[in-house]
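Working notes, structure below.
The values are calculated or read from the model by the stated rules, or taken from the named source; none is laboratory data. Everything numeric in this text was worked out from a predicted model, so none of it was measured. Backbone-built Cβ (ideal geometry, glycine too); neighbour counts: all protein chains shown. Ligands, DNA and RNA are excluded from the accessible area calculation, which covers all protein heavy atoms including side chains. Shrake-Rupley method; radii C 1.70, N 1.55, O 1.52, S 1.80 Å.
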Amino acid sequence: MKNLKNKYFINGKNFSCELKEPYLEDLIEIFLNKSSLKESKIAVAVNNQMIERYKWKKKKINFQDKIEIVAPFFGG
Amino acid sequence: MKSDYLVIDGKKFNSRLIMGTSLYPNLDVMNKSLEISETQIITVAIRRLNLSSKGFFLDQLNKDYYFLPNTAGCFTQKEAILTAELARETLQTNWIKLELISDKEMLLPDPIELFDTCKSLVKKNFRVFVYCSDDPILCKRLEDLGSEIVMPLVSPIGSGLGVRNEHNLEIIRRICSGKIFVDAGIGKPSDASRIMEMGFDGVLLNSSVARSLDPINMANAMKLAVISGRLGYKSGIIERRNMASESTSFKGKISNF
């Protein structure tokens, strides 16, 4: 049976993808797949709480969760 | 003069100039400006990942630097702490430049929110470089909290107005025994030099270089200004007098007629 596309909220925008079991690590992988960027230089927060990299694998995501994926940027 | 290293968090630095990485006309100019400034520490922001960008900002730097992530744009303690934690995770550093502003027009630090946030970050084992107003008592209190470096402004961010309250800065330098940098408001190389002559430990700047007509040469000028001011301070600047003091002796003058 085909999975339905689920909607997530990443960096202030809706993000749709198919995930059987929505774990953070998989969601990040799918999100970054659409770019040439690698996950080694990012940090992630879910519902305003930073999630350490080693916890991504076991962190379950709910559809209403607010996910922030950030990286260093030009700044003064 | 003996070696005059700046020691931060147990690490020795030759340069006393911390550079920002924003507002440069392009990457090439930014890289060349950073290089000629001989800075060893650069400050970076933490922002949402832009999937359309070709690469990470960090990959576009030509040299290795120590990173000082900042909490630019944060208005609340919650925002600043989360940003600091995200910065630590992505850059693997405990250093954080704490910026906690009160409004978008003047970008002035909110001293009350700042104090509590600084306290929380120190408890969470961050090395806090705290950007604050030039209030001597606030600076002293932030130092006593355990901030790594206290960094009062000399005028509003990006204003280029230079030193507006030299008297406060003199008091800050006198009552704070730890490392004090100046962050924000520098316009001209002479501002940086003046700060260093007053005995400050270093200068953090961005706009005065990045927005100048020739950022690469301005970065060089700022480097020289910081070195010059520091050398002047360490060499013992003479005391000021209200009256003249002859440099050539009257002794042996031919006559009085």
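Whether any residue in the stretch B:22-30 is buried (at least 17 other Cβ atoms within 10 Å of the Cβ), at pLDDT 95 or above and closer than 26 Å to A:F31 by Cα is what I want to check.
No, that holds for no residue.
Starting from the stretch B:135-161, take each residue that is assigned to a strand (DSSP E or B) and list its partners that are modelled with pLDDT under 95 and open to solvent by 40 Å² or more (accessible area, probe 1.4 Å), counting only C-beta distances under 8 angstrom and pairs at least six apart or across chains.
Final answer for the pair search is none.
Has the stretch B:193-210 got any residue that is assigned to a loop (DSSP other than H, G, I, E, B) and surrounded by fewer than 12 Cβ atoms within 10 Å (Cβ to Cβ)?
no
Quick one: in the stretch B:100-123, which of the residues that are buried (at least 19 other Cβ atoms within 10 Å of the Cβ) and in contact with a Pro (Cβ under 7 Å, 6 or more places away or on another chain) is farthest from B:E143 (Cα to Cα)?
Filtering the stretch B:100-123 for residues that are buried (at least 19 other Cβ atoms within 10 Å of the Cβ) and in contact with a Pro (Cβ under 7 Å, 6 or more places away or on another chain), the one farthest from B:E143 (Cα to Cα) comes out as B:I101.
Mind checking which residues of the stretch B:216-232 are of a type outside the set (A, V, I, L, M, F, W, C) and either out of contact with any Ser or Thr (no Cβ under 8 Å at 6 or more places or on another chain) or surrounded by fewer than 24 Cβ atoms within 10 Å (Cβ to Cβ) (or both)?
Across the stretch B:216-232, the qualifying residues are B:N217, B:N220, B:K223, B:S228, B:R230, B:G232.
Using the structure shown, decide if B:S245 is modelled with pLDDT under 95, open to solvent by 40 Å² or more (accessible area, probe 1.4 Å) and either among the polar types (S, T, N, Q) or touching a Phe, Trp or Tyr at 6+ places or on another chain (Cβ under 6 Å) (or both).
Yes, satisfied.
Just to be sure I understand, how many residues within the stretch B:157-183 are within 22 Å of B:L68 (Cα to Cα), of a type in the set (A, V, I, L, M) and in contact with a strand residue (DSSP E or B) (Cβ under 7 Å, 6 or more places away or on another chain)?
Total satisfying the criteria: 2.
Of all residues in the stretch A:46-76, which are part of a strand (DSSP E or B) and either away from every other protein chain (no Cβ under 11 Å) or touching a residue at least 12 places away in the same chain (Cβ under 8 Å) (or both)?
Within the stretch A:46-76, A:V46, A:I51, A:K60, A:K66, A:I67, A:E68, A:I69, A:V70, A:A71, A:P72 qualify.
Has the stretch B:56-67 got any residue that is among the charged types (D, E, K, R), open to solvent by 70 Å² or more (accessible area, probe 1.4 Å) and either part of a strand (DSSP E or B) or touching a residue at least 60 places away in the same chain (Cβ under 8 Å) (or both)?
For the stretch B:56-67, residues among the charged types (D, E, K, R), open to solvent by 70 Å² or more (accessible area, probe 1.4 Å) and either part of a strand (DSSP E or B) or touching a residue at least 60 places away in the same chain (Cβ under 8 Å) (or both): absent.
Taking the condition of being at the interface with chain A (Cβ under 9 Å from one of its Cβ atoms) and surrounded by fewer than 21 Cβ atoms within 10 Å (Cβ to Cβ), how many residues in the stretch B:89-98 meet it?
Qualifying residue count for the region: 1.
How many residues are assigned to a loop (DSSP other than H, G, I, E, B), open to solvent by less than 90 Å² (accessible area, probe 1.4 Å) and more than 7 Å from chain A (Cβ to nearest Cβ) when one looks only at the stretch B:32-54?
Summing the residues that are assigned to a loop (DSSP other than H, G, I, E, B), open to solvent by less than 90 Å² (accessible area, probe 1.4 Å) and more than 7 Å from chain A (Cβ to nearest Cβ) in the stretch B:32-54 gives 4.
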